[in-house]
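K.L.:
Here it is, the structure, as structure tokens.
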Amino acid sequence: MSGTFVGMPAFPVAAHEAVGNTTLRANLRHATHTIRDKRAKAVAELDDWALLREAGKQIKDHTLRHLDTYLAQLEEAVTAAGGIVHWATDADEANRIVTRLVKETGESEVVKVKSMATQEIGLNEALEEAGIAAYETDLAELIVQLGHDRPSHILVPAIHRNRGEIRDIFAKEMGEWGRPAPEGLTDTPAELAEAARLHLREKFLRAKVGISGANFMVAETGTLVVVESEGNGRMCLTLPETLISVVGIEKIVPTWRDLEVFLQTLPRSSTAERMNPYTSMWTGTSDTETADGPRVFHLVLIDNGRTDTLADEVGRQALRCIRCSACLNVCPVYERAGGHAYGSVYPGPIGAILSPQLRGTASEIDASLPYASSLCGACYEVCPVAIDIPEVLVHLRERVVQGGPATRQGNRVVLKPAKGHAAERAAMRAAGWAFVHPGALRAGQRVASRTRRFHPRALPGPGRAWSATRDLPQVPAEPFRDWWQRTHGKKESGK
């Protein structure tokens, strides 16, 4: 995976700064509470939601177990339909392929459908270095791009901006990118949307090359699927002569019947809609110049750490993710810290388990992400494909603290423990030793009970970071073993 956002510190540092921004916290609180309340109502309408959730999990797990087979089937079907398939091991290779394909068309600008995969690999920056302008056409992505900003949410990348800020961005920046904002633009949603529509319309009509991602790829027919709410995606997919789709290898489903499940669960989990306003599907190329769709279609399949993640029996469930963002909207940590603190295009709970697996845990920020959670479990409860995010977080915390075997770039390696966790490792080793020596454990419990009045109210040294925001649990007056023996032991021995 490409590097973290330039200059990003570890999560605790970035989050500490974010929680002091009252405007950001107000924006996040209003948006996430609104979305999650609507989602809860939309999900409650389906009596079989639990069955759909389990079906989605089973389909994804089956596909991941047989990923090699379905990817080969997909390549064959795309090729038979007139498309060209490219394979990219990492971000650099994917960027080189896409840049070359755009240059071969002779064009110097492209329009883009919202795509987290292209953000993950830093495609816009790579195209810019090659002299190619990439224009985002999703409204929220347009706001982020015009504001020289970064996305902070999977579904609503500009969730950290309010209407007044968006109006100021449009008024200041639109003229530098194309058609300027109308005079006297206000912050009413209708006027902002109309300004974006007019700005983008000239780009849609002029562009010869479109770049997209995909929500799903159907192996049996080679069909790609994009679901969206605004219609900009359909403009990008039908008007350009050349379409380049950049998609992670995990986005595949075996059959159209499998797709049916996700077209029910994704919209309700993300936008709280019964179905997406725009569900665009394309298979290969158009036959004539008058038909909708591209005459040249390229599919770039990217790995970029996904097969390494697949090799982890616990962590691989992160690859089930369908990018609905439901976990972000219920997470108390995300609600207060925002998406930028995660230092990745994948923020929130899913980002805390996906980014450290795609990128590894060698960097300071990736080593800190598994700790960006209270382990409350709300993310697991709302996940439409039942990813047990708390389980993976604990698994990755163990990897950070203890090191151990892992797969990186296709090779089995032994990771070294991250710095700064020596005390934690020592404490866990001591606890492990005590648990396998009952006599020592019993003696320690009795000593702790008899000295309870001398116990500090806060931990010393590195432990201050924990006890500064928590009350230390009080040690009981006597260990459970002694209490049981005193209250039940004699009765049982007399039977």
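K.L.:
In contact with a Pro (Cβ under 9 Å, 6 or more places away or on another chain) and either more than 23 Å from PRO405 (Cβ to Cβ) or not in a strand (DSSP E or B) (or both): which single residue out of MET281, MET275 fits that description?
P.N.:
On inspection, the qualifying residue turns out to be MET275.
K.L.:
Another one. In the range 303-315, which residues are under 24 Å from HIS86 (Cα atoms), touching a residue at least 60 places away in the same chain (Cβ under 8 Å) and not polar (S, T, N, Q)?
P.N.:
ASP303, GLY305, ASP308, LEU310, ALA311
K.L.:
Checking the structure you have, find out if any residue of the range 190-209 is among the acidic types (Asp, Glu) and under 30 Å from PRO254 (Cα atoms).
P.N.:
No, because not a single residue in the range 190-209 is among the acidic types (Asp, Glu) and under 30 Å from PRO254 (Cα atoms).
K.L.:
Which numbered condition in (1) touching a His at 6+ places or on another chain (Cβ under 6 Å); (2) closer than 30 Å to VAL330 by Cβ is the only one that VAL144 fails?
P.N.:
With respect to (1) touching a His at 6+ places or on another chain (Cβ under 6 Å); (2) closer than 30 Å to VAL330 by Cβ, VAL144 is out only on (1).
K.L.:
The conditions are (1) of a type in the set (S, T, N, Q); (2) open to solvent by less than 10 Å² (accessible area, probe 1.4 Å); (3) free of Cβ contacts under 8 Å to residues at least 12 places away in the same chain, and ASN329 fails exactly one of them. Which is it?
P.N.:
Failed condition: (3).
K.L.:
Regarding the range 34-46, can at least one residue be identified that is modelled with pLDDT of 90 or more, within 21 Å of ARG274 (Cβ to Cβ), hydroxyl-bearing (Ser, Thr, Tyr) and in a helix (DSSP H, G or I)?
P.N.:
The answer is yes; a qualifying residue exists.
K.L.:
Take ASN27 and decide whether it is assigned to a helix (DSSP H, G or I) and either closer than 27 Å to PRO349 by Cβ or free of Cβ contacts under 8 Å to residues at least 24 places away in the same chain (or both). First the steps, then the outcome.
P.N.:
Details: assigned to a helix (DSSP H, G or I): yes; either closer than 27 Å to PRO349 by Cβ or free of Cβ contacts under 8 Å to residues at least 24 places away in the same chain (or both): yes.
Against the criterion (assigned to a helix (DSSP H, G or I) and either closer than 27 Å to PRO349 by Cβ or free of Cβ contacts under 8 Å to residues at least 24 places away in the same chain (or both)), ASN27 qualifies.
K.L.:
Still on this model: Are any of the residues in the range 422-435 open to solvent by less than 50 Å² (accessible area, probe 1.4 Å), touching a strand residue (DSSP E or B) at 6+ places or on another chain (Cβ under 9 Å) and under 24 Å from ILE365 (Cα atoms)?
P.N.:
Checked the range 422-435: no residue is open to solvent by less than 50 Å² (accessible area, probe 1.4 Å), touching a strand residue (DSSP E or B) at 6+ places or on another chain (Cβ under 9 Å) and under 24 Å from ILE365 (Cα atoms).
K.L.:
Conditions: (1) assigned to a loop (DSSP other than H, G, I, E, B); (2) farther than 19 Å from ILE389 by Cβ; (3) open to solvent by 10 Å² or more (accessible area, probe 1.4 Å). ARG323 meets all but one. Number of the miss?
P.N.:
Just one mismatch for ARG323, condition (2).
K.L.:
Then there's this: For the range 385-471, please list each of the helices (runs of 4 or more DSSP H) lying entirely inside it that holds at least 2 residues being in contact with a Ser or Thr (Cβ under 6 Å, 6 or more places away or on another chain).
P.N.:
Correct list: 389-402.
The values are calculated or read from the model by the stated rules, or taken from the named source; none is laboratory data. From a predicted model like this one, the values you see are computed outputs, not experimental measurements. Ideal geometry is used to build each Cβ from the backbone, glycine not excepted, and the neighbour counts take in all protein chains shown. Side chains included, ligands, DNA and RNA excluded: accessible areas come from the protein's heavy atoms. Shrake-Rupley method; radii C 1.70, N 1.55, O 1.52, S 1.80 Å.
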